[in-house]
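> Quick one: the structure is below, and I'll ask about it shortly.
The values are calculated or read from the model by the stated rules, or taken from the named source; none is laboratory data. A quick note: this is a predicted structure, and the numbers were derived from the prediction, not measured. In this analysis, Cβ positions are derived from the backbone assuming ideal geometry, glycine residues included, and neighbour counts consider all displayed protein chains.
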Amino acid sequence: MRLHNKVALITGAASGIGEGIVRLFAEQGARVLATDINDEAGRRVVQSLPGDCHYLHLDVARLADWRDAVAWAEQHLGPVEIMVHSAGISFPAHIEAVDEAAWHQHMNVHGLGTMLGCQSVLDSMKKLGKGSIINISSVESIRPGPLFVAYGAAKAAMDAVTKTVALHCGEKGYNIRVNSVHPAATRTPLVQQYLDSAADPAALEQIYAGMQPLGRIAEVSEIASAVLFLASDEASFMTGHQMYVDGGVLAKPYPAGEGA
């Protein structure tokens with residue numbers, strides 16, 4: 001019970017990595033407020049879990065939603081000690097295909113959403129004298145592919161917010177740690193949707209797997225386990241850290257003629 005009685009607010013909780021984090025945190029004794037914009041799926045997740053788990057609608061690009069969620073958590077569960085920003089979108093497009101609407105959508109969820117989330121939970125964590133914020137970024141923020149111009153840029157914005165908030169909290173003596181987790185291809189409903197729609201799903205999965213030195217795509221549980229570590233007291237001296245859970249993708253050298 002590594003998170004016994006710790007209050008955790010998790011975004012993007014209705015599916016994928018966010019759902020996996022909710023389930024693992026509940027198993028580890030956290031008092032969980034799961035949030036998403038997919039209310040039906042989000043409620044199904046918490047209804048299937050034992051313990052003190054609840055669901056609330058939260059659009060991460062709306063400050064009012066963040067404030068409502070933190071206030072609800074404080075009233076019903078206690079001050080928020082852990083916040084995991086896992087909400088995300090991804091519409092692949094290269095620079096000649098991306099449009100302004102897709103750019104703003106990505107920035108709203110990953111950039112603005114991260115800033116508002118960090119800003120909104122700080123007072124709650126300061127009441128406790130401690131806290132852990134984990135933002136779910138991506139390998140695409142560090143080594144973006146040509147099809148992810150908006151997604152890569154938005155995740156890079158998330159990384160910048162993560163590091164600046166980590167520095168601010170450290171300098172202020174808040175004892176609030178702020179870190180990011182960077183998965184590579186992971187078996188989420190989004191990735192599964194790409195696989196299912198392919199002419200040869202097995203061949204496409206092999207392409208994804210071949211990009212990663214471990215030779216396979218990640219499972220949601222593997223990402224959630226890394227987040228659990230950062231949320232727990234075991235990571236008490238880690239802040240401003242980018243944790244790669246990527247099967248070795250970022251350890252690979254750039255091909256000849258590419259990269260810095």
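> Of (1) of a type in the set (A, V, I, L, M, F, W, C); (2) out of contact with any Gly (no Cβ under 9 Å at 6 or more places or on another chain); (3) surrounded by fewer than 21 Cβ atoms within 10 Å (Cβ to Cβ), Val191 satisfies all except one. Which?
For Val191, the failing item is (2).
> While we're on this one: Within the bounds of segment 230-245, is there any residue that is free of Cβ contacts under 8 Å to residues at least 60 places away in the same chain, farther than 20 Å from Ala156 by Cα and either touching a Phe, Trp or Tyr at 6+ places or on another chain (Cβ under 6 Å) or β-branched (Val, Ile, Thr) (or both)?
No, segment 230-245 contains no residue that is free of Cβ contacts under 8 Å to residues at least 60 places away in the same chain, farther than 20 Å from Ala156 by Cα and either touching a Phe, Trp or Tyr at 6+ places or on another chain (Cβ under 6 Å) or β-branched (Val, Ile, Thr) (or both).
> Which condition from (1) at negative phi; (2) at pLDDT below 95 is the one that Gly51 breaks?
Single failed check for Gly51: (1).
For (1) touching a strand residue (DSSP E or B) at 6+ places or on another chain (Cβ under 8 Å); (2) crowded, with 18+ Cβ neighbours inside 10 Å; (3) without any contact (Cβ under 8 Å) to a residue 12 or more places away in the chain, each residue gets a yes or a no:
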{"residue": "Glu140", "(1), (2), (3)": "yes, yes, no"}
{"residue": "Gly145", "(1), (2), (3)": "no, no, yes"}
{"residue": "Val149", "(1), (2), (3)": "yes, yes, no"}
{"residue": "Lys155", "(1), (2), (3)": "no, yes, no"}
{"residue": "Met158", "(1), (2), (3)": "yes, yes, no"}
{"residue": "Thr162", "(1), (2), (3)": "yes, yes, no"}
{"residue": "Ala166", "(1), (2), (3)": "yes, yes, no"}
{"residue": "Cys169", "(1), (2), (3)": "yes, yes, no"}
{"residue": "Lys172", "(1), (2), (3)": "no, no, yes"}
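> Looking for whichever is closer than 19 Å to Ile17 by Cβ, touching a helix residue (DSSP H, G or I) at 6+ places or on another chain (Cβ under 9 Å) and among the hydrophobic types (A, V, I, L, M, F, W, C) here; the options are Val149, Val161. Which one fits?
After applying the criteria, what remains is Val161.
> Right, next: With the condition kept exactly as written, say whether any residue in segment 47-67 is part of a helix (DSSP H, G or I) and among the acidic types (Asp, Glu).
yes
> Suppose we filter Ser86, Ser137, Ser180, Ser90 for residues that are of a type in the set (Ser, Thr, Tyr) and touching a Phe, Trp or Tyr at 6+ places or on another chain (Cβ under 6 Å); which single one remains?
Ser90
> I would also like to ask the following. Going by the conditions given, is His110 in a helix (DSSP H, G or I) and at pLDDT 95 or above?
yes
> Right, another one. Can you pull out the residues in segment 127-163 that are more than 23 Å from Asp99 (Cα to Cα), among the β-branched types (Val, Ile, Thr) and not in a strand (DSSP E or B)?
Scanning segment 127-163 gives Val161, Thr162.
> Could I ask something else about it? Here are Val70, Val32, Val45, Val22: which of them is within 21 Å of Lys126 (Cα to Cα) and free of Cβ contacts under 8 Å to residues at least 40 places away in the same chain?
Just a single option satisfies the conditions, and that option is Val32.
> Now for a separate question. Just to check your reading of the model, which residue among Ile89, Ile10 is under 26 Å from Ala185 (Cα atoms) and either touching a Lys or Arg at 6+ places or on another chain (Cβ under 7 Å) or at pLDDT 95 or above (or both)?
One residue alone meets the criteria, Ile10.
> Something else: For the condition touching a Gly at 6+ places or on another chain (Cβ under 6 Å) and of a type outside the set (Ser, Thr, Tyr), what is the one hit in Ile217, Ile207, Ile176, Ile223?
Exactly one residue qualifies, and that residue is Ile176.
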